[in-house]
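Contents: one structure, followed by commentary.
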Amino acid sequence: MSLLLSVLHKLWLLLVFAPLLLLWTLLALVAAFLLRVLLGERRAGAWVAPVWTRVLTTMLPLRVRIRGREHIDRDRAYVVVCNHESQLDILALYGRLGLDLRWIVKQEIRSMPLIGWGCRLVGHVFVDRQDRDAAIASINQAVLRLEPGEGMLFFPEGTRSKSGELMPFKSGAFRTALMLNMPILPVSIEGAWELMRPGQLLPAYGSVRLQIHPAIETAGLQDSAEQVRELMQLARSRIANGIQQLQRKSLQQRSGLHEN
């Protein structure tokens, strides 16, 4: 039965979801453009992007389960750091944390049809990785412009995990947070790697789980390399522990289903 469901799911993705994805994305781009013209960039991002991702996850279908929303204060802006498991991460995160998210996008994506257009319309930050100083300046300026209820999303591993294991963190997000006295909001994501591994063109059917952790405060901390390392280690520890807790909970739920 599971093999039959897997085949039917792939047929659904190829024959139904793919055309609907294109159509829905085009409609979302038109809506984002109109909202940007009428109400500004922030409204376009806050209103269109969450609806776009929720419709797509429903159509896949992809279940997203979230814990820890009580750790987010809508009256604050955050530097959000999350582990990066697969291409499904953005769909799971966007519009579900309770924050209007911006994220860092490679400059090469700027001119890409649909994806690049959408990122420009809703105010994501394009950076040239070949020009480190300019990239840092662009990111810092974008973080400074964040308003309450917004967050800048970083994947501090720097790329998607090929093995599903948490990789070492890079320091950029933590330097920015410390320099600008921004709270750091760690988020663990689990399950996305199993559903769409590196090189896999079509996602499997299943669930992605998110754990939002208490914010790490940076106000009053000394801006130093040692402090950056401490913040990085603390955030990575919370994210790693969150992944383990989500994995245990998932195994317990599966065991309960098998027993029944």
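What number of residues in the range 86-103 are basic (Lys, Arg) and either buried (at least 21 other Cβ atoms within 10 Å of the Cβ) or at pLDDT 90 or above (or both)? Quick ask: steps written out before the conclusion?
As a first pass, look at the range 86-103 and keep what is basic (Lys, Arg): 96, 102.
Retained after the next criterion (residues that are either buried (at least 21 other Cβ atoms within 10 Å of the Cβ) or at pLDDT 90 or above (or both)): 102.
Selection size over the range 86-103: 1.
For the range 23-44, what are the residues that are of a type in the set (Gly, Ala, Ser), closer than 17 Å to ARG145 by Cα and surrounded by 15 or more Cβ atoms within 10 Å (Cβ to Cβ)?
Step one: list which residues in the range 23-44 are of a type in the set (Gly, Ala, Ser), which gives 28, 31-32, 40, 44.
Adding the requirement that they be closer than 17 Å to ARG145 by Cα leaves 40, 44.
Residue satisfying the conditions is ALA44 alone.
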Restricting the first residue to the range 66-85 and requiring it to be more than 13 Å from GLY149 (Cα to Cα), which pairs with a second residue that is among the charged types (D, E, K, R) and assigned to a helix (DSSP H, G or I) meet a Cβ separation below 8 Å and a spacing of at least six or different chains?
-> CYS82/ASP89
Would you mind stating whether VAL228 is touching a Phe, Trp or Tyr at 6+ places or on another chain (Cβ under 7 Å) and within 22 Å of LEU144 (Cα to Cα)?
-> yes
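So which residues in the range 137-159 are in a loop (DSSP other than H, G, I, E, B), closer than 16 Å to GLU108 by Cβ and either in contact with a Ser or Thr (Cβ under 9 Å, 6 or more places away or on another chain) or hydroxyl-bearing (Ser, Thr, Tyr) (or both)? Steps first, answer last, please.
Kept after step one, since they are in a loop (DSSP other than H, G, I, E, B), are these residues of the range 137-159: 145-149, 155-159.
Okay, now just the ones that are also closer than 16 Å to GLU108 by Cβ, so 158-159.
Scanning the range 137-159 gives a single hit, THR159.
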The range 158-176 residues that are farther than 22 Å from ALA135 by Cβ and modelled with pLDDT of 90 or more, paired with ones that are polar (S, T, N, Q) and surrounded by 13 or more Cβ atoms within 10 Å (Cβ to Cβ) (beta carbon under 7 Å, 6 or more apart) = LEU166/ASN83
Failed condition for LEU231, given (1) closer than 30 Å to SER6 by Cβ; (2) surrounded by 15 or more Cβ atoms within 10 Å (Cβ to Cβ) = (1)
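The values are calculated or read from the model by the stated rules, or taken from the named source; none is laboratory data. These figures come from a predicted structure and were not determined experimentally. Every residue, glycine among them, receives a Cβ derived from its backbone with ideal geometry; neighbour counts consider all protein chains shown.
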